[in-house]
Amino acid sequence: MNAGTTRRALASLVPLVVLLSGCSEGREYAVPHKVCGVRMSQDTVEPLLPDGEKLDQSLRTIGEDGSVTSCLVSVVDKTVAVDVDITNLDKPLTADDKRVSVKSLKHAKSVHLAGTHWTVQGDNKIHLSTPCGLDGTDSLSFRFTFAKGEKGTEVTRRNTLRFAKAFVAGEQKGKGCPAH
């Protein structure tokens with residue numbers, strides 16, 4: 001091959017290499033050590049995060065009284081991977097609240113999660129109420145939603161419950177909730 005033929009052959013390969021590199025699949029970002037301020041094990045977080053280039057987290061307070069905190073973890077240009085709403089309450093959620101959660105979640109089941117008043121788990125959602133006060137009257141309500149069917153995720157009941165358990169424990173510790 002002469003030099004001109006070699007240059008033309010290489011020039012024709014460059015667009016192909018660029019095209020293939022643009023189609024790379026997988027996770028290009030690091031799995032975070034903290035999710036919305038809560039220290040989490042990467043083994044707990046990793047199965048719930050989809051493939052993508054960049055991870056974004058946002059934490060904001062909702063409502064006039066600031067009693068609800070919303071946490072969103074998403075991969076840029078994709079759907080939200082993890083959505084958590086945390087509500088500070090001056091009393092525990094009731095059995096009626098639990099029934100509403102059971103009816104609102106697809107394939108909902110009551111599950112045991114130590115340290116909670118109650119926990120209801122659906123296919124990709126978890127609602128729970130947990131104590132957070134000295135006399136047991138104050139509580140926290142958590143509503144978790146996990147992206148299901150996104151490439152790179154393993155959104156199973158086992159993985160979502162493991163995440164919720166770790167997140168709730170970290171949030172309780174961060175808010176100074178006494179152990180119950």
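Data table
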item	result
Residues of the stretch 125-142 classified as under 30 Å from G26 (Cβ atoms) and open to solvent by 40 Å² or more (accessible area, probe 1.4 Å), total	1
Residue that is nearest to C71 (Cα to Cα) [pool: residues in the stretch 143-166 that are open to solvent by 70 Å² or more (accessible area, probe 1.4 Å) and touching a residue at least 24 places away in the same chain (Cβ under 8 Å)]	R143
Pair list, Cβ under 6 Å, 6 or more apart: the stretch 82-106 residue within 30 Å of K34 (Cβ to Cβ), other residue open to solvent by 60 Å² or more (accessible area, probe 1.4 Å) and in a strand (DSSP E or B)	D85/R143; L105/K125
Members of the stretch 35-79 found to be without any contact (Cβ under 8 Å) to a residue 12 or more places away in the chain and either open to solvent by less than 20 Å² (accessible area, probe 1.4 Å) or under 13 Å from A166 (Cβ atoms) (or both), listed by number	Q42, D43
Residues that are open to solvent by 60 Å² or more (accessible area, probe 1.4 Å) and either closer than 17 Å to G174 by Cβ or in a strand (DSSP E or B) (or both), drawn from the stretch 23-34	R27, H33, K34
Selection status of V168, part of a helix (DSSP H, G or I), under 18 Å from T87 (Cα atoms) and among the β-branched types (V, I, T)	yes
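The values are calculated or read from the model by the stated rules, or taken from the named source; none is laboratory data. If you're wondering where the values come from, they're calculated on a predicted model, not measured in any experiment. Neighbour counts are summed over all protein chains in view; Cβ atoms, including those assigned to glycine, are modelled from backbone coordinates with ideal geometry. Heads up: the accessible areas ignore ligands, DNA and RNA and are worked out on the full protein's heavy atoms, side chains in. Shrake-Rupley method; radii C 1.70, N 1.55, O 1.52, S 1.80 Å.
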